[in-house]
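First up is the structure itself, then whatever we jot down about it.
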Amino acid sequence: MKARFNGVDLFLETRGGAGPSIVLVHGSWGDHHNWDGVVPLLARSCRVTTYDRRGHSQSERLTTQGSIRDDVRDLAALIDGLGIAPAHVVGNSFGAIVTLNLIIARPDLFASAAIHEPPLIRMLEGNPALSAAQQRIGAVIETLSAGKAEAGACQFVETVAFGPGAWEQLTPTMRETFIFNAPTWVDEMKEPAAFSLDLDKLSLYGGPLLISHGDQSPPFFPAIVEQIAGAVPRAQRHVFRGAGHVPHLSHPDDYALVIGSFISGVAGAT
């Protein structure tokens, strides 16, 4: 279904019934289908909402320059509009950046938060991993700017997100989604400030937080995660073994077990 939040039409789906309310926030290039492998598992004991962020797939795509603030306000309006606050919010990649910014802006909306590998590359100033990240991302932008949408999507999947050979392992539908949403990713890249975070403000968050990364991910992701964990030392940590940037796609059973156990623990403690 579609609903209007924060002045934009967003596509969303809700599964499950009784139990804690979870909102899953996808990363760049993808949509709510990124969570298809974990939703049925989480929905056994929780009410799970997925949605397409603005500019992605079935949600409204505006012609004006977007901003991380828009995504953050969209998520806040969705949680408020559905009447599910405080909710357990789970974000991957750019969706994790959205989640972290909402934690700072509206901590009252959270029962807990779980984030996986936010690409906050501007936090890596002085770290050798920054140069590698910038080179890989810059190369993708160059390919897309040349009008090569499929080649650019493939390049992103294999050099930034998943790893060599991953493009051919994606379903045709998922490859089409990547290609369709490529312009929104380019739009996101035009806002450098979106890829940094005020860690001092984040450190004020006192709620439950799970921070994770994959042991197969490019080195700049663990480096970013370490900085976030340093700002919130009380946060729980998890490393997905054999997984990379999108464990909910590559290892859905493991991912759902970790997230479900974390949320169950929070709910039980409450």
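The values are calculated or read from the model by the stated rules, or taken from the named source; none is laboratory data. Nothing here was measured: the structure is a model prediction, and the numbers come from that model. Methodologically, a virtual Cβ is constructed for each residue, glycine included, from the backbone with ideal geometry; neighbour enumeration extends over all protein chains shown. Remember, those area values only see protein heavy atoms, side chains included, never the ligands or the DNA or RNA. Shrake-Rupley method; radii C 1.70, N 1.55, O 1.52, S 1.80 Å.
Of everything listed in (1) farther than 21 Å from Arg54 by Cβ; (2) in contact (Cβ under 8 Å) with a residue 12 or more places away in the chain; (3) assigned to a helix (DSSP H, G or I); (4) open to solvent by less than 40 Å² (accessible area, probe 1.4 Å), the single unmet condition for Glu150 is (4). Would you be able to say whether some residue in region 195-208 is under 21 Å from the mean Cα position of the chain (by Cα) and within 22 Å of Tyr255 (Cα to Cα)? Within region 195-208 (the criterion being under 21 Å from the mean Cα position of the chain (by Cα) and within 22 Å of Tyr255 (Cα to Cα)), the answer is yes, since at least one residue qualifies.
Among the conditions (1) within 18 Å of Ile228 (Cβ to Cβ); (2) surrounded by fewer than 23 Cβ atoms within 10 Å (Cβ to Cβ); (3) in contact with a helix residue (DSSP H, G or I) (Cβ under 9 Å, 6 or more places away or on another chain); (4) at pLDDT 95 or above, Pro107 misses just one, which is (3). Pairs are defined by a Cβ separation below 7 Å, a sequence spacing of at least 6 or placement on different chains, a first member in region 31-44 that is closer than 7 Å to His248 by Cβ, and a second member that is in a helix (DSSP H, G or I) and open to solvent by 40 Å² or more (accessible area, probe 1.4 Å); the pairs so defined are Asn34/Leu249; Gly37/Leu249. If you check Arg73, Arg47, Arg53 for being touching a residue at least 12 places away in the same chain (Cβ under 8 Å) and open to solvent by less than 20 Å² (accessible area, probe 1.4 Å), only one passes: Arg53. In region 115-143, the residue that is surrounded by the most Cβ atoms within 10 Å (Cβ to Cβ) out of those that are touching a residue at least 24 places away in the same chain (Cβ under 8 Å) and small (Gly, Ala, Ser) is Ala133.
Please indicate, with yes or no, whether at least one residue in region 51-66 is out of contact with any Asp or Glu (no Cβ under 9 Å at 6 or more places or on another chain) and farther than 28 Å from Pro172 by Cβ. There is at least one residue in region 51-66 that is out of contact with any Asp or Glu (no Cβ under 9 Å at 6 or more places or on another chain) and farther than 28 Å from Pro172 by Cβ.
Quick check on region 234-241. Is at least one of its residues in contact with a Ser or Thr (Cβ under 8 Å, 6 or more places away or on another chain) and under 18 Å from Gly95 (Cβ atoms)? The answer is yes, given that some residue of region 234-241 is in contact with a Ser or Thr (Cβ under 8 Å, 6 or more places away or on another chain) and under 18 Å from Gly95 (Cβ atoms). Selection within region 175-188: residues that are of a type in the set (A, V, I, L, M, F, W, C) and buried (at least 19 other Cβ atoms within 10 Å of the Cβ). The member of this set that is farthest from Thr64 (Cα to Cα) is Phe178. I'm trying to understand the selection: among the residues of region 161-173, which are open to solvent by less than 40 Å² (accessible area, probe 1.4 Å), touching a residue at least 60 places away in the same chain (Cβ under 8 Å) and in a helix (DSSP H, G or I)? Answer for region 161-173, where residues must be open to solvent by less than 40 Å² (accessible area, probe 1.4 Å), touching a residue at least 60 places away in the same chain (Cβ under 8 Å) and in a helix (DSSP H, G or I): just Ala161. Scanning region 213-256 for residues that are charged (D, E, K, R) and either open to solvent by less than 50 Å² (accessible area, probe 1.4 Å) or within 21 Å of Glu158 (Cα to Cα) (or both) yields Asp215, Arg241. Residue-level check: of (1) within 16 Å of the chain's Cα centre (by Cα); (2) part of a strand (DSSP E or B), His33 misses just (2). Applying a threshold of 8 Å to beta carbon distances and a minimum spacing of six or more residues, or different chains, the list of pairs starting in region 218-247 at a residue that is under 16 Å from Ile97 (Cβ atoms) and ending at one that is part of a loop (DSSP other than H, G, I, E, B) and of a type in the set (Asp, Glu) reads Phe221/Glu117; Ile224/Glu117; Val225/Glu117; His245/Glu117.
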